[in-house]
Amino acid sequence: MDKRIHAVQRMQDYVEANLDDGISLAALAGAAGFSPWYSYRLFRRYTGLTPADYIRRLKLSRSALRLRDEGCRVTDVAFDLGFGSVEGYQRAFRREFGCNPGEYARKPVPVGLFIPYGVKFREMRSGYMKTENIRNVYIQLVHKPERKLLLKRGKKARDYFAYCEEVGCDIWGLLKSMETLSGEPMGLWLPEKYRKAGTSVYVQGVEAPPDYDGPVPEGLDTMKLPAADYLMFQGEPFREEDYCAAITAVQQAMDKYDPSVIGYKWDDANPRIQLEPVGKRGYIELRAVKKK
């Protein structure tokens, strides 16, 4: 992999680890191993943002999650994240999300969170994926109740990467800002009956209670999904740079598994589900089953 990409990734990792502290260009340059001037240019080239804009957007998104989930005071969040004044934080929050942080804390609405993607993963996804270091895949039967799905459709996408090219990766930030029945956004492969003409097999969305009547962001559709049983396939924890291999290992295990050994068969009338690849928990996919 290009040493420049490694340098930018080290800067991204440094920001992630030190977000609550003051982050100087000199510190980023130290992480990158280049001069401050060249590090700045590399960061902007590969992330599309200056370091200052990247850090500001990431702090604002973290602050939104704290306001939503922790019941924090706006004043505490502003100073904890290093904003010079509450007024400055409020102005920055409104510019980023279109609402006042106090209003958002009282009644959270879907907003476009900034989700930083590591630059190294764009390079790795097209490379050769070795799976010999991913040893075990754990299988568990889980039940999903009836629920409503809020989803963003693509055009022709059949997987995550094609979907991102069609829709843009920023949709994940919007979905992650929403409170969900399952606790997190997900990718889904939709059976024919759930697809609209001219739309993609692969979509992303969030699950909500079946009687959900809250806001539906512009551009999202809704649909009801019935109660169903799923086999959850979960791989071992993995290093972030091995995420492609971790996904492949789980999908290969799923393809080879015969659910009849536990008295079930595949139920492809329900969507297949993909959760975000997170190294510390292992990659997870779910495929619907029903009694034989």
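Could you list ARG68, ARG73 so that the one with the fewest beta carbons within 10 Å of its beta carbon is first and the one with the most is last?
Final ranking by Cβ density, sparse to dense: ARG73, ARG68.
Model label points for SER260 and LEU181, set 7 angstrom from Cα along the Cα-to-Cβ axis, are 3.2 nm apart. Placing a label point 7 Å from the Cα of ARG106 along the Cα-to-Cβ direction, the residues of segment 60-79 whose backbone N falls under 20 Å of that point are 64-78.
Mind putting a number on the dipole of segment 196-292 about its Cα centre? Charges go on the C-beta only, +1 for Lys and Arg and -1 for Asp and Glu, and I need it in Debye to the nearest 20. Present the calculation step by step, with values, prior to reporting the outcome.
On the way: 12 positive and 16 negative charges, 97 e Å.
The dipole magnitude comes to about 460 debye.
First check a/c for the chain, with a ≥ b ≥ c the square roots of the eigenvalues of its C-alpha gyration tensor; if it is under 1.5, answer rounded, and if not, answer prolate when a/b is larger than b/c or oblate otherwise. It is oblate, given that a/c is not under 1.5 and a/b is not larger than b/c. Distance between the pseudo-spin-label points of GLU240 and GLN90 (7 Å out from Cα toward the beta carbon): 3.5 nm. Between segment 5-47 and segment 82-99, the alpha-carbon centres lie 24 Å apart.
Placing dummy labels 7 Å off each Cα toward the beta-carbon, the span from ASP211 to ARG281 is 2.8 nm. Placing +1 on each Lys and Arg Cβ and -1 on each Asp and Glu Cβ, with no other charges, gives the chain a dipole about its Cα centre of roughly 560 debye.
Separation of segment 146-171 and segment 183-247 by C-alpha centroid, Å? Result: 9 Å between the Cα centres.
Subtracting the Cα-Cα distance of ARG45 and MET232 from 0.36 nm times their residue separation leaves 63.4 nm of extension gain. Once the dipole of the chain is set up with Lys and Arg at +1 and Asp and Glu at -1 on Cβ about the Cα centre, which of LEU67, LEU141, ALA78 lies farthest towards its positive end? Positive-end residue among those listed: LEU141.
Pairs from the table (LYS193/LYS292; LYS120/LYS224; LYS196/LYS292; LYS156/LYS193; LYS196/LYS291) lying more than 27 angstrom apart at Cα are LYS120/LYS224; LYS196/LYS292; LYS196/LYS291.
Any read-out appearing in this document is the output of simple, stated calculations on the displayed coordinates, not a laboratory observation. All values reported here derive from a predicted model rather than from experimental measurement. Please note: Cβ atoms are built from the backbone with ideal geometry, for glycine as well, and neighbour counts cover all protein chains shown.
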